[in-house]
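What follows is a short report on a single structure.
The numbers here are math on the coordinates, done by the rules we state, and not lab data. Quantities reported herein were computed from a predicted structural model and do not represent experimental measurements. Every residue, glycine among them, receives a Cβ derived from its backbone with ideal geometry; neighbour counts consider all protein chains shown.
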Amino acid sequence: MTDKQNDASNLLDIAAYVVPGLTADIRQVKIGETLRAGRFVPPVGHIVDFERAHVVGVDFSGGTFYAMRAVGSLFEDCDFSRCKFETGHFYGRQTVFRRCDFGRADLRRLRPGTARFEECTFDHAKLDGWIARDSEFVECRFAGRIRGVNFSASLDKDDLRDLDPPRTANEFRGNDFRQAQLMGVDFKRGIDLDQQCLPGGPDQVRLDRIQERVARALALVSMWPQSRERDELRRGLEVQAMVYADSDEAFVHRADFKGKVGKRLLEVLIEALPSDEQQEGRSPS
């Protein structure tokens, strides 16, 4: 625990924000104004609601949120490092996080929803399984292993109705993944990988023109003589066709392709459409 966390004089008094909850066991903390500096300790068993709040320089580090919700709020220079979120979401009017630190935070049960993250750091944060298809990321930094995360540049038609303010695309640019290990991470629906800094190394592989590549691989494999390997590869490629149906490129980790068949499947994809664009871990110049 840091000196900042030990300093009781630094604690923000949130008693005035506590309101009755849905049950006697669950209470709420509702913040709808400016909150500046100081340390915020989420009270046990409380839903913490930020609605049209402006939160500046607040230290949430190491706290455990029973539930956190934010609507139309702005967080600037806040410290969420090592926080744990039991649940939470950021939907409705867009909430913006600017220059916030989520290092080593456990965000697996937090739904980022329609939030926008600008110049935030996610070093060694737990993001496994994040569905961030409605979220925006601009000049953020990621480090450590990231598994099973879905980023997207465009939105489903059903999602467009709920956006406030309205937008037709998610801004996703200038993000630094060079210190990250990306496993099962999807950059979907028009994300421009040339606008990101991607990790290098032999285990990370960028596959351009992925839909064309999968179709070509399927056609080639279908011409092979009948065999168990051919049938398994065809099934695997059909799955890839569905996974990348709305993607222009894929950025994969070799460990995502397990076993003999998986490794062969990746080889087939690489060889199906030779291109100067396909190379290991290419980052923008």
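Quick look at the values:
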quantity	calculated
Nearest 10 degrees, 0 to 90: helix 228-243 Cα axis against the chain principal axis	40 degrees
Cα convex hull of the stretch 210-272 - mean projected area over all directions, nm²	3.9 nm²
Sparse-neighbour loop sites [trypsin sites (Lys or Arg not before Pro); the stretch 190-281; at most 13 other C-beta within 10 Å; DSSP]	258
Sites residue 128 and residue 87 - FRET efficiency at Förster radius 22 Å, r taken between beta-carbons, to 0.05	0.90
For the stretch 253-267, Karplus couplings with θ = phi - 60° (6.51, -1.76, 1.60), whole Hz, Gly/Pro x	10, 4, 5, 5, 9, 8, x, 4, 5, x, 5, 5, 4, 5, 4
Förster radius 35 Å - calculated FRET efficiency between residue 64 and residue 168 (Cβ-Cβ, nearest 0.05)	0.40
Calculated Cα extents along the principal axes in Å (choose from (1) 74, 40, 35; (2) 70, 44, 42; (3) 53, 44, 39), label	(1)
Using θ = phi - 60° and Karplus 6.51 cos²θ - 1.76 cosθ + 1.60, couplings along the stretch 132-140 (whole Hz; Gly, Pro as x)	10, 6, 10, 9, 10, 9, 10, 6, 9
Filter on 188/263; 84/258; 84/263; 30/188 - keep pairs with C-alpha separation over 29 Å	84/258; 84/263; 30/188
Using a Förster distance of 22 Å, the FRET efficiency for residue 222-residue 245 (Cβ separation, nearest 0.05)	0.70
Choice from 259, 236, 92 showing the highest fluctuation, given a GNM over the chain with Cα pairs closer than 10 Å	259
Neighbour-limited loop hits for trypsin sites (Lys or Arg not before Pro), the stretch 125-183 (at most 13 other Cβ within 10 Å; DSSP other than H, G, I, E, B)	161
Other-chain or far-sequence residues with amide H under 5 Å of residue 143's (modelled H)	122, 123, 124, 125
Within the chain, percent of DSSP bridges classed antiparallel, to nearest 5	10 percent
Nearest-ten-degree value, helix 210-222 long axis tilted from longest Cα axis of the chain	40 degrees
For the stretch 57-90 and the stretch 250-269, distance of Cα centres in Å	37 Å
Residues with amide H under 5 Å from that of residue 154, placed H, sequence gap 5 or more	170
Neighbour-count order for 257, 40, fewest beta carbons within 10 angstrom listed first	257, 40
Cα→Cβ-extended label distance, 7 Å offset, between residue 156 and residue 54, nm	3.6 nm
